[in-house]
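No value in this document is a laboratory result; all are computed from the given coordinates. Source: prediction; values computed, not measured.
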Amino acid sequence: MLFQLMCVLALVAVGTMLLAVGAFGSGLICLVGGAIWFWRLYCASDRDT
C-alpha cells in the first residue's frame, strides 16, 4: 500500500507541474486520476480495519 501511495503522490505532483506550465488538459487528467486512485485506496484501507 505504501508503494501505491507513493505512486499517487507522484501522479499528483506531475499533474500539478503540468498545470503550472499551462498543460491544463493533461494536468487535470493526472489530478483527477490521482484523486480517484487515492479514494479507492482510502476505501480499501477502511474496509480492512
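Summarising the overall dimensions of the chain from its C-alpha atoms, the Rg and Dmax are 12.1, 41 angstrom.
The stretch between C7 and A23 holds 3.7 nm of extra length on full extension. This uses 0.36 nm per residue minus the Cα-Cα distance.
Just checking the listed ones, V21, V32, V12: in the Gaussian network model of the chain with Cα springs under 10 Å, the one fluctuating most is V21. Principal-axis analysis of the Cα atoms of the chain puts helix 2-21 at an angle of about 20° to the longest axis.
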